[in-house]
Each structure stands twice: as structure tokens, then as C-alpha cells.
Amino acid sequence: MLLLLLIAIAVLFGFGFLNPIWWVAGAVLVYGVTRHARDRGGGRTRHGGGADLGDYREYRERRDRRERWDRRYSRQTRARWRREDRRDHGHRE
């Protein structure tokens, strides 16, 4: 896929000598490819670990979701809800 994109960019650049609109088309293609790669998390980390940023983002989102779930539905929270329900219904602890 990358090879086809490089060939398309080279062809558009070559046609640009005939009509400058092809240079614009090539620039739009390059912009679209880089934007698509960036949105998919195709960048590398700064510290040279080689891990994709997309993988880290997915990990962070899963971790955050898990932490929110744990906070909402932890044993202490459920126990507190039960105690409050018993108090509301007039039962003694």
C-alpha cells in the first residue's frame, strides 16, 4: 500500500510540470495520508521505545474505564449503599 502511494505521489509530482494543479493534487494526497496515519496512532513515542501511540491510547482508555468501573462498583461502595438502604427502611445495623 505504501509503495502504491509513493508511486502515485511521484506520478502526480511529474504531471505537475505539465499543469501545476497536479502538484496541488499531490500535496492533498500527502496531507491526507499523513493525517490518516496520525489519526490511527501511527506516530512513535519520543523516548524511542518504538511502541505505537495508538496502542498506548487504547491501553490508557481501557485503564481509565476500568478505574471508573472499580470506583462505581467497588465492594465498599456497594456495602455503603446497602447500609444506606437499611437506614432508609428503618432497619438497625
| request: Take the Cα atoms of region 1-40, find their three principal axes, and give me the spread along each one in whole Å, biggest first. | output: 35, 18, 6
| request: Kindly provide the trypsin sites (Lys or Arg not before Pro) of region 1-40 that DSSP labels as loop, not H, G, I, E or B, and whose Cβ sees at most 11 other Cβ atoms within 10 Å. | output: Arg40
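Every read-out reported here was derived from the displayed coordinates using simple, explicitly stated rules and does not represent laboratory data. Computed from a predicted structure; not experimentally measured. Quick reminder, even Gly has a Cβ in these numbers, built from the backbone with ideal geometry, and neighbours come from all protein chains shown.
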